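Encoded as structure tokens, the structure appears first; notes follow it.
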Amino acid sequence: MLISAYVSVKRAELTADFGEEVSVVVATANIGEYATITPDMVRTTTVFKKYRQPSTVTSVLDVVGKSTYVPIYADEQITLTKLIQQDGQPVLDRLVEQKNRAVTLLVAPHTGVGRLIRPGNRVDVMVVPSYEVKSETIYEVKTVVQNALVLATGRNIYNQVPSRIDREVLGYIKSEFDARRRKDYYGRSENLSTTRPTDAYSHITLQLNPDDTEKILYLVNNYGDRALYFTLRNSADSAPVNVKTTLLDDVLGPDSDYAKSKRKSPPIVRPPPRFYDAIGGDLKGIR
């Protein structure tokens, strides 16, 4: 007991600067590139907090079913930066952040930026409703959702990685694209996989919180999919903007025929009497 107490005290003194011990997930054996992780490939152990790598997984359930970008060696800590989903085929529910929801909406070229929206982009959702108020049609434009993450366009899912291709095949494809002077293969700002993302999609999947999901579905049910418009944001522009509802009067201005037609005529002013009697023109007392 004395030896055990002495060792515990000395261990606490030597590791005081290392922080408390925390749980991490490590590999039980070497895991190859693009390998799907199974429960027998990983285990939970403890390390000092100072030696825990950033984004290290703390639960085995968080990595089972996922795949690796790069090889992972035995006893190496497993971080989220080294993982993908199911050998290049992401599982959508793993991509949805907790307490958020994925909702799919129809999109057309004129409502979805010419179908140039890509998975991983950020969009705002606008609605263009029209309704009747006292036999008058009211038109409005309102931004209902801002900075929504696009999880998928069609079946092309966010964070999807290309399958491995033989270098000779890839070199041949590159030479063919060079010969045809295709500009969509390289030299652009977006990161493309080995296959060019398709523009032939008819719906997109967004990540929204539950409240925004209900709002969007309410608008779709009442005004249809054509009333929704998606505007593309710069990925670095995530700050919300205070956008007011736009009415037809705001667009046309006060000098338009539409605005003039709604103006009420000034009240009719009673003309002054042409003569004054002894009462002074006040006829209230005259019967």
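The values are calculated or read from the model by the stated rules, or taken from the named source; none is laboratory data. Treat the numbers as computed from the prediction; the structure is a model and nothing was measured. In this analysis, Cβ positions are derived from the backbone assuming ideal geometry, glycine residues included, and neighbour counts consider all displayed protein chains.
Results for (1) within 18 Å of the chain's Cα centre (by Cα); (2) more than 16 Å from TYR158 (Cα to Cα); (3) of a type in the set (A, V, I, L, M, F, W, C), shown as yes or no for each residue.
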site	(1), (2), (3)
SER67	no, no, no
ASP75	no, yes, no
LEU80	no, no, yes
ASP93	yes, no, no
ARG101	yes, no, no
ILE117	yes, no, yes
SER135	no, yes, no
ILE138	no, yes, yes
Checklist entry - From ASN209, ASN221, which residue is at pLDDT 75 or above and exposed (fewer than 10 other Cβ atoms within 10 Å of the Cβ)? => result ASN221
Item to check | Number of the condition not met by PRO197 [criteria: (1) at pLDDT 70 or above; (2) under 20 Å from the mean Cα position of the chain (by Cα)] | outcome: (1)
